[in-house]
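The values are calculated or read from the model by the stated rules, or taken from the named source; none is laboratory data. Predicted model only: the values in this text are computed from it and were never measured. For neighbour counting, all protein chains shown are included, and Cβ atoms are generated from backbone atoms with ideal geometry for every residue, glycine included.
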Amino acid sequence: MGVCIEFQDVSYAYPLTKKAAVRHLNCRLETGKCYGVIGPNAGGKTTFCNLMRGLCPNFYGGILKGTVLIHGKNLLEWEDEELSVQIGYVFQDPFAQVSGIKETVFEEIGMGLENLGVEAEEMIARIVEIAKMVHVDTLLQKNPLALSGGQCQRVAFASILALDSDIIVIDEPTSQLDPEAGSDVFEIIDMLKKQGKTVIIAEHKVDLLAEYCDEIIAIAGGSIVAKGPVKEVLSDPVLPENGVRIPQAVSLARELWQAGKPFREIPVTMQEAIGLIKERREGRADGN
Amino acid sequence: MAIEVKNITFSYPGSLATAVENVSMTIEKGERVAIIGQNGAGKSTTVKLMNNIYKPSKGTILVDGIDTKERTTAQIAPHVGYVFQNPNDQIFNDDVVKEIEYVLRYRKLPEEEIRKRREEAIDVTGIRPYVEMHPFDIPLPIRKFLTIAVVVAVSPDYVILDEPTAGQDLWGCAQLKTVMDYLQQKGKAVLTISHDMEYVAENFDRVIVMAHKNVIADGEKRDILYRMDTLREAHVKPPLSAQIAQAVGIRDKILNLKELSAAIL
Amino acid sequence: MTDQEFIESFRHYQKKNNWWCDFHPVAKLVFCLSFGFLSLIVFKWQVGLAVFLLAGLIAIRTPARKTYFITLGVMFVAGCLFTVAVRLYVHMGDPGPVAFYLFGKAVPVAAVISCLDLIFMIEGFLGIFMTFFLTTEMRDLCCCLEQVGMSPSATFMILSTFSGIASIKEKLNCVRESQRARGIETEGSLVVKVKSILPVLFPVIISSMTGVEDRTLAMDARAFSAKGKHTALRRAAPAKPVEKMVAALAVILCIAGSIAGRMYL
């Protein structure tokens, strides 16, 4: 699989700050994979996302060292408008993402398409399709400014999906949602993955990431502390050492390990944990 | 001493649909209660009515025996503090210290008292490193602690936290526990709306389940979090450890990882 | 409207089924501007009255008639009566033919006429502009302006200015709710209201302005800066020949009227 984004020893500091927000980032993101970005708040997750989209340094200013390659081309050489089509970005604060100039959710979702010059009939079809997918089809006539946090987040999500970018970066999409809606978001991400899109998602809900992601990048204190396949990274003791949240299945395994009766392998999802516990209980039943 | 909610119904101004219907619950002083349920179940509306931001269309709410209908919001607020879900909706000063002191000054407390309360609120909520910053430059999850600090400084008998764990990392969750323990030790009642079942199972004694604009269950957490039909009706899942325990056939009502690992050993 | 009908409405030109509401926005704007300026330039009660009556005649045939007459009535009473009082007071006792006596002082005819001039100029000007704003959606106007060659950035600026005003109002409501929730009296007499709102007014406006940064990012994420022609989801009917003609006639009338009015009135 091809590499779509590559960080080569990237450090970045926001303007007027003494400390770099991220330091010496090195990683390669492959096309079609789903990446979970985890770590404490203010640890550099959002900056990492901003760098991919070019907001650092194009929008915020500041000092960038090292190279970010998007599809093999240096970030700084990309035209901003091209990048905005290549990479869809859903921000953390849902309310900051509504354009404020569209009076209905329907038009809000269509706005990006208008900017790309898509013809009306195709636009309508696409909005209807996306709205269904993200479950905002009952809100189409509402004013985007009058939505609840959760609804607003989904509309923002829909507005970006409408653009049909190949790479989608999502910063904490579920913090405003209830668990059911949160699972919906991950179902959508799964769908995007099946369409061959590359998804990068910064999120605190590691248990969900463990189920849906291919790889995990853990960022703490401005550095990547671990990266790689989900199972490998999430069970790495370096995460709790750096204040990074770990899945409950892993916590359970650690408890058992401390009690001197470890699992034969470390589970990261609930299903794996259930499997291992069942196995042990049956084993014990057989033994006795 | 309690907040008594009696058969309240309410619809927002300009809306035809009701937001809550015939809701009743009693929150005793010193209790730790969590309200759970799907978005739109009426959780936030219920607590806003307790804080007297709105007045019920039908039914009554008594705060320590005082009918909220006969008082203004500002008169009830010193007794019932409410931390909004979105901190941006709550902050309106351009300075952290001003923000915390705002109400205290409004109430003309002595300077010494203001200083003491402010310092205590800053320490308990762990926002000391951010005191010099403009409130809107503070990262969002920590901004929430600023709004908590404001309420801690006011020191009402009933503290309502709306979705305190949303977007919080390990630091935030630990800090939240510090705040809760502080409030508990001061004898305050803490009422929380939360989707985070691990947080609910860990920090609360009583759980109220809301669905379709009403209360559908109210009781001890271990009992409530194992009523599967009720939870399903409210579109809520029990804590992960409880899900695992049930899936592997452990009979005990497990609520956290410690209990789960003990049961497995 | 059902969702299906709503979606269907985007497949056709937007229609309100009222001749004036459906009048081409740019032609309508030209028409209203012409008469507004006519009333302003000539500054005589005869012309002002004529424009005012014309505006009323148009307004009465649109669904916005109720809002139109109520708003205009309020403006008339509040604004104009105040100006009249000031004017009369200033000119009281001036030499010239006397119209009537007020509190024992002579009010000259010239003063009365100058009052009428001012009143009807304002009423005519406001009236014709209200018939425009009450019956035209800004988004349709902007869409049409884009069609005649205005850049999307310029129309975005117009639209966001309008929504910015609305958002400050919204934000203020939010802040007031937050103040009440904290125990600051915002209800009651005007003094209480003003006292509560003044200290937060400045930060609210500032924070609304910082929202611009977010807005810019959000727009950027929607490929707003994409090169090439933008399309529009809402379709506005192109101007009919008769609409163009009406607009052109209005311009001619305005120019001719202004010259004639200045010369003969």
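Observations, loosely collected:
- Filtered residue count, the stretch B:130-178, keeping only those that are charged (D, E, K, R), in a helix (DSSP H, G or I) and not assigned by TED's automatic domain parsing to the domain that holds B:Glu120: 1
- Any hit, the stretch C:174-196, residues being surrounded by fewer than 15 Cβ atoms within 10 Å (Cβ to Cβ), under 26 Å from the mean Cα position of the chain (by Cα) and without any contact (Cβ under 8 Å) to a residue 24 or more places away in the chain: no
- Whichever residue in the stretch B:104-124 is within 14 Å of chain C (Cβ to nearest Cβ) and under 19 Å from B:Tyr182 (Cβ atoms) and, among such residues, is nearest to the chain's Cα centre (by Cα): B:Ala121
- In the stretch A:193-209, residue farthest from the other protein chains (Cβ to nearest Cβ) [restricted to those that are without any contact (Cβ under 8 Å) to a residue 60 or more places away in the chain and surrounded by fewer than 21 Cβ atoms within 10 Å (Cβ to Cβ)]: A:Lys194
- Among helices (runs of 4 or more DSSP H) entirely within the stretch C:28-115, having at least 2 residues that are of a type outside the set (A, V, I, L, M, F, W, C) and either farther than 18 Å from C:Phe132 by Cα or touching a His at 6+ places or on another chain (Cβ under 7 Å) (or both) singles out C:81-91.
- Applying the criterion of at least 1 residues that are over 30 Å from B:Ala121 (Cα atoms) to the helices (runs of 4 or more DSSP H) found wholly in the stretch B:186-261 leaves B:221-224, B:228-233, B:240-247.
Here's the yes/no breakdown for (1) in a loop (DSSP other than H, G, I, E, B); (2) within 12 Å of chain B (Cβ to nearest Cβ):
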{"position": "C:Glu146", "(1), (2)": "no, no"}
{"position": "C:Met150", "(1), (2)": "yes, no"}
{"position": "C:Met157", "(1), (2)": "no, no"}
{"position": "C:Thr161", "(1), (2)": "no, no"}
{"position": "C:Ile165", "(1), (2)": "no, no"}
{"position": "C:Gln179", "(1), (2)": "no, yes"}
{"position": "C:Val192", "(1), (2)": "no, yes"}
{"position": "C:Ser196", "(1), (2)": "no, yes"}
{"position": "C:Ile205", "(1), (2)": "no, yes"}
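- Sole exception among (1) part of a loop (DSSP other than H, G, I, E, B); (2) closer than 27 Å to A:Gly117 by Cβ for A:Ala20, by number: (2)
- Residue match in the stretch B:147-163 (condition: surrounded by 23 or more Cβ atoms within 10 Å (Cβ to Cβ), within 17 Å of the chain's Cα centre (by Cα), at pLDDT below 95 and within 12 Å of chain A (Cβ to nearest Cβ)): yes
- Elements of type helices (runs of 4 or more DSSP H) contained in the stretch B:16-126, each with 2 or more residues being of a type in the set (Asp, Glu) and without any contact (Cβ under 8 Å) to a residue 12 or more places away in the chain: B:111-125
- Look at (1) at the interface with another protein chain (Cβ under 8 Å from one of its Cβ atoms); (2) within 28 Å of B:Leu140 (Cβ to Cβ); (3) at pLDDT 90 or above and you find that A:Ala42 fails only one, number (3).
- Residue check for C:Val47: out of contact with any helix residue (DSSP H, G or I) (no Cβ under 6 Å at 6 or more places or on another chain) and surrounded by 12 or more Cβ atoms within 10 Å (Cβ to Cβ): no
- Options A:Ser183, A:Ser148, A:Ser165: the member that is surrounded by fewer than 24 Cβ atoms within 10 Å (Cβ to Cβ), modelled with pLDDT under 90 and touching a Gly at 6+ places or on another chain (Cβ under 8 Å): A:Ser148
- Matching entry among B:Ser15, B:Ser57, B:Ser44 (being within 21 Å of the chain's Cα centre (by Cα), surrounded by fewer than 23 Cβ atoms within 10 Å (Cβ to Cβ) and of a type outside the set (D, E, K, R)): B:Ser44
- The set of residues in the stretch A:110-156 that are among the hydrophobic types (A, V, I, L, M, F, W, C) and touching a residue at least 40 places away in the same chain (Cβ under 8 Å) comprises A:Met111, A:Leu113, A:Leu116, A:Met133, A:Val134, A:Leu145, A:Leu147, A:Cys152, A:Val155, A:Ala156.
- Residue check for C:Ile113: crowded, with 18+ Cβ neighbours inside 10 Å and in contact (Cβ under 8 Å) with a residue 12 or more places away in the chain: no
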